[in-house]
Amino acid sequence: MLNVREILTLQFGNYSNYIGTHWWNIQESGFTYDCDTETSEICHDVLYRQGINDNRQITFTPRLLLLDLEGSLKHLPQEGELYGSSLKRSGDLARTKFDHQESVKKLREDLAWKSSDVEMIVEPESVKNEFQLDLDNEEANIYEKDYNLAQNVDSWTDFAYARYHPRTVHVIKQYNHNKETETFDTYSSGVQLWKDGQFEEEFCDRIRQYVEECDFLQGFQTICDAFNGFAGLAGQCLEHLNDEYGKANVVIPVYSPRNTLYENADLFMSDSLRVVNSVLLFHRLAEQASVFIPLSIQDRVWRQLGAVRQLPHLDFIQDNLYQTSAILASYLDTITLRYRLKNAISISTVAGFCADLNNYGRKLAAAGLAIPFPMNCNEDLIDCLDKFEGPLFTQLTPNCHISTNYVVQSVCIRGIPIQRLKREPHQAKQQMRMPAYRCQSVSEMFQLYLQCINHASLSHVTSVKSALSTRVPYPIEIFDKRLNTSGFINTITKRLLEEKIQSVPCLAIAQSSSEIGDMLESLHKEAKRVKISKLCRFKTAGLEDDDYVEALEGLLLFKDNYEDNFEL
């Protein structure tokens, strides 16, 4: 019997939930329900849990805790849609709107005699978009429609395909979600909220319930907004996880592509708030995380957002939360495959992944992604790599550039069929003369390639047959028309409009290098310019000047781990 090594995932913040929603959608679109279909290499039980709802139906939901602000859920009930009062039964959906209208009408009649004394305020009912309505309709085929979600998504709940357990969603009532301004604005506000005894007790109790369901818990994954109060909540939660469970944790701080202003702050002050929040979070993660990998679609995020990264074969709206979060979710789904496989070896765990990257206290790593992996539809991998020019991937960690020397890295390549590795000997011709022709697997060939292009470096390569699923509601409109339905490049003809990309090959990489020290130095430089005493909202939330000085000093000490006197 397979011993499942479970992981608990936590999501802190609105943009983190955009990314997380795509991530769970990607996983569920890859589920196989046909017994005749080849068994997946991915063990979904690592991130999912099985349960039974009130109708005695078996459920399979993410082992997940997510937090967002009041007003961010729209139509989604906080307890989810599989259990309790929100459980959808046959015929219920057609009656929902009618029942709501009847209830309002009856209440108006009951209060009519007091109309002069009582003001009745009816909160408008949240309306589901077409995609969500079709999910509720068993007869609808969501794969035949174009929902234009890039223009119609107003919240991460609008494109959520996965369904959640009642303990998954946690709403912060003290702050209201606002698309235009950050209301939950400072790291210190998050710390202050956590220290509210009721919040900490309730949230930690949910963690405990999930952990107690696990037989072989291997660790935690945390995605958190790095630029607002959710960073403070995540930092406090990590301390709790370490104190109570002592398991490995991978943390993904993320930055929104929108230069959102903070409440009662101009652009300059908003930039300063983002810098201070980043310093306080990074200082905390250096102490509490096993590894943390910042993600952003921009090349700079400290003060003023920089240019958007150019990913070959992708064309997306630069500040669109729905599209950009899909790209970052694709990275997460791919890089985490190493410890989500059924046949994973002992070092292919969260702890093993972290141990490869965090030698000498180098807990901060950089991310890179190639989506799709640029390979022609009629090409073998050996020829593709032999003629490859330029970088293999696009950097996704802001304010960071990693060269090809003295690097420790974990790589995952997916979606390259073994039949496309190389030709059979009687057809190989020039391939026979290449050293890579001796390779018998995709991972072995990539290992050799990385040895050739990366001087004095260490690489762990995982290869997976399953490509990245891009079925609805993934934003396939971002892909180049030259890609075929399997995500490979067709140099002769363009894909027809009605031909939808079902999956794409993908490469994700996490790297540790001395050059990450430059990233920390740039953050420290920007943070030193900030007069913390002028940002009163931090002090109001409990941050003392000495605490900020300590964080700056801690950032410099952390940077020292990346000096070249440490050997790889």
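The values are calculated or read from the model by the stated rules, or taken from the named source; none is laboratory data. Everything quoted here is computed from the prediction, not taken from an experiment. Virtual Cβ from ideal backbone geometry, glycine too; neighbours counted across all protein chains shown.
Out of the residues in segment 171-196 meeting the condition of being part of a strand (DSSP E or B) and of a type outside the set (Phe, Trp, Tyr), tell me which one is surrounded by the most Cβ atoms within 10 Å (Cβ to Cβ).
Per the stated criteria, the residue is Glu182.
Looking only at residues in segment 53-70 that are part of a loop (DSSP other than H, G, I, E, B) and either of a type in the set (Lys, Arg) or at pLDDT 95 or above (or both), the one that is farthest from the chain's Cα centre (by Cα) is Arg56. So, Ile345, is that one more than 24 Å from the chain's Cα centre (by Cα), surrounded by 19 or more Cβ atoms within 10 Å (Cβ to Cβ) and either farther than 30 Å from Trp24 by Cβ or without any contact (Cβ under 8 Å) to a residue 40 or more places away in the chain (or both) or not? No; evaluated as a whole, the condition is false for this residue. Might you let me know whether segment 318-334 holds any residue that is surrounded by fewer than 17 Cβ atoms within 10 Å (Cβ to Cβ), at positive phi and not in a helix (DSSP H, G or I)? No; the residues of segment 318-334 include none that is surrounded by fewer than 17 Cβ atoms within 10 Å (Cβ to Cβ), at positive phi and not in a helix (DSSP H, G or I).
Here is the figure for segment 371-382: residues that are crowded, with 19+ Cβ neighbours inside 10 Å and either at positive phi or not in a loop (DSSP other than H, G, I, E, B) (or both) total 2.
Determine, yes or no, whether Ala428 is surrounded by 12 or more Cβ atoms within 10 Å (Cβ to Cβ) and closer than 30 Å to Cys43 by Cβ. Criteria not met by Ala428.
Yes or no: Leu238 aliphatic (A, V, I, L, M), assigned to a loop (DSSP other than H, G, I, E, B) and in contact (Cβ under 8 Å) with a residue 40 or more places away in the chain? No: the conditions fail for Leu238.
Based on this model, can you work out whether Glu553 counts as modelled with pLDDT of 95 or more, acidic (Asp, Glu) and within 28 Å of the chain's Cα centre (by Cα)? When the stated conditions are applied, Glu553 does not pass them. Val308 meets each of the listed conditions (1) under 19 Å from Ser512 (Cβ atoms); (2) surrounded by fewer than 21 Cβ atoms within 10 Å (Cβ to Cβ); (3) of a type in the set (Val, Ile, Thr) apart from (1). Among the residues examined, Tyr360 does not qualify as among the aromatic types (Phe, Trp, Tyr), part of a helix (DSSP H, G or I) and under 29 Å from Ala150 (Cβ atoms). Among residues that are assigned to a loop (DSSP other than H, G, I, E, B), in contact (Cβ under 8 Å) with a residue 12 or more places away in the chain and within 19 Å of Gln288 (Cβ to Cβ), Leu217 is included. With respect to the conditions (1) in contact with a strand residue (DSSP E or B) (Cβ under 8 Å, 6 or more places away or on another chain); (2) buried (at least 24 other Cβ atoms within 10 Å of the Cβ), Gly235 lacks only one, and its number is (1). Candidates in segment 132-170 are the residues that are small (Gly, Ala, Ser) and in a loop (DSSP other than H, G, I, E, B); of these, the one that is nearest to Tyr48 (Cα to Cα) is Ala162.
Checking the conditions here, which among Ile516, Ile532, Ile489 is closer than 26 Å to Glu379 by Cβ and in contact (Cβ under 8 Å) with a residue 24 or more places away in the chain? First the steps, then the outcome.
Details: Ile516 fails: closer than 26 Å to Glu379 by Cβ; Ile532 fails: closer than 26 Å to Glu379 by Cβ.
Among Ile516, Ile532, Ile489, only Ile489 is closer than 26 Å to Glu379 by Cβ and in contact (Cβ under 8 Å) with a residue 24 or more places away in the chain.
When every residue of segment 3-25 is checked against the conditions, none turns out to be at pLDDT below 90, over 15 Å from Leu328 (Cβ atoms), touching a helix residue (DSSP H, G or I) at 6+ places or on another chain (Cβ under 8 Å) and not polar (S, T, N, Q). The residue that is surrounded by the most Cβ atoms within 10 Å (Cβ to Cβ), counting only those in segment 491-540 that are among the polar types (S, T, N, Q) and closer than 24 Å to Asn264 by Cα, is Thr540.
The set of residues in segment 422-450 being in a helix (DSSP H, G or I), within 25 Å of Ala370 (Cα to Cα), in contact with a helix residue (DSSP H, G or I) (Cβ under 9 Å, 6 or more places away or on another chain) and among the small types (Gly, Ala, Ser) consists of Ala436 alone. If I filter segment 253-274 for residues that are more than 23 Å from Asn178 (Cβ to Cβ) and either buried (at least 24 other Cβ atoms within 10 Å of the Cβ) or in contact with a Phe, Trp or Tyr (Cβ under 7 Å, 6 or more places away or on another chain) (or both), do I get at least one hit? So far as segment 253-274 goes, no, none of its residues is more than 23 Å from Asn178 (Cβ to Cβ) and either buried (at least 24 other Cβ atoms within 10 Å of the Cβ) or in contact with a Phe, Trp or Tyr (Cβ under 7 Å, 6 or more places away or on another chain) (or both).
Name the single residue that is modelled with the lowest pLDDT among those in segment 26-50 being touching a Gly at 6+ places or on another chain (Cβ under 9 Å) and more than 23 Å from Ile207 (Cα to Cα).
Ser40
Here Ile402 fits the description: farther than 15 Å from Cys506 by Cα, in the same structural domain as Glu477 (by the TED database), in contact with a Gly (Cβ under 8 Å, 6 or more places away or on another chain) and aliphatic (A, V, I, L, M). Which residue pairs have Cβ atoms under 8 Å apart, sit 6 or more places apart or on different chains, and have a first residue in segment 448-462 that is under 8 Å from Gln409 (Cβ atoms) and a second that is assigned to a helix (DSSP H, G or I) and of a type in the set (S, T, N, Q)? The qualifying pairs are Ser457/Gln451; Ser459/Gln447; Ser459/Gln451. A Cβ distance below 6 Å, combined with a sequence gap of six or more or placement on separate chains, defines the contacts here; from segment 8-19, residues that are part of a strand (DSSP E or B) reach residues that are aromatic (Phe, Trp, Tyr) and surrounded by fewer than 24 Cβ atoms within 10 Å (Cβ to Cβ) in the pairs Leu8/Tyr210.
Can you confirm whether Val411 is surrounded by 15 or more Cβ atoms within 10 Å (Cβ to Cβ), out of contact with any His (no Cβ under 8 Å at 6 or more places or on another chain) and in the same structural domain as Ala365 (by the TED database)? Answer is no for this residue. When Gln440 is tested against (1) over 26 Å from Ser503 (Cβ atoms); (2) free of Cβ contacts under 8 Å to residues at least 24 places away in the same chain, just one condition goes unmet, and that condition is (1). Can you name the condition, by its number, that Ala508 falls short on among (1) assigned to a loop (DSSP other than H, G, I, E, B); (2) under 30 Å from Leu314 (Cβ atoms)? So the condition that Ala508 fails would be (1).
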